[in-house]
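Worksheet: one structure, shown below.
The values are calculated or read from the model by the stated rules, or taken from the named source; none is laboratory data. Just so we're clear, the structure is a prediction, and the values are computed from it rather than from any experiment. As a convention, Cβ positions derive from the backbone with ideal geometry for all residues, glycine included, and neighbour counts pool all protein chains shown. The area values use the complete protein model at the heavy-atom level, side chains included, leaving out ligands, DNA and RNA. Shrake-Rupley method; radii C 1.70, N 1.55, O 1.52, S 1.80 Å.
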Amino acid sequence: MPGLQRPLYQMKADFFKTLGHPARVRVLELLSQREYAVSEMLTEIGIEAANLSQQLSILRRAGLVTARREGLSVTYELTTTEVAELLAVARAILTGVVAGQVEALEQPA
């Protein structure tokens with residue numbers, strides 16, 4: 001298996017590159033709440049359908065989301081709740097970083 005020959009740190013870097021697009025992060029945030037049809041995501045994310053389709057394809061190839069066709073509609077969901085947990089941890093880290101920056105700005109010069 002070619003993927004297993006790569007060092008874990010390289011696989012992690014590739015994983016984080018997958019998360020390195022605002023639309024993909026927003027999709028994952030939405031799917032952390034519940035499953036969404038593509039049409040619902042379009043109104044929430046505010047990007048062109050072709051762009052959303054491309055971002056969903058990247059997330060599907062990375063194994064982060066799965067798709068289910070229901071008639072003409074396609075519904076997406078997270079493959080694991082750990083993706084939602086990762087986003088929550090990222091939020092906590094960023095909240096701490098921003099709070100630290102604010103605190104530093106409030107210190108007398």
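The accessible area of residue 25, taken with all protein chains in place and a 1.4 Å probe, comes to roughly 40 Å².
Of the residues 8, 83, 104, the one whose Cα sits farthest towards the positive end of the charge dipole of the chain is 8 (charges of +1 on Lys and Arg Cβ, -1 on Asp and Glu Cβ, taken about the Cα centre). Provide, for q = 0.12, 0.24, 0.27, 0.28 Å⁻¹, the log10 of I(q)/I(0) from a solvent-free Debye sum over equal Cα point scatterers in segment 8-80. Here the Debye-derived log intensity ratios amount to -0.30, -1.12, -1.39, -1.47. Take every pair of alpha-carbon atoms less than 8 Å apart whose residues are at least six positions apart; their mean separation over the length of segment 8-80 yields a relative contact order of 33 percent. Here the chain exposes an accessible surface that is 59 percent carbon and sulfur, computed with a 1.4 Å probe and the other protein chains kept in place.
Sparse packing (at most 15 other Cβ atoms within 10 Å of the Cβ) combined with a DSSP loop state is found for the following GluC sites (Glu not before Pro) in segment 31-66: 35, 48.
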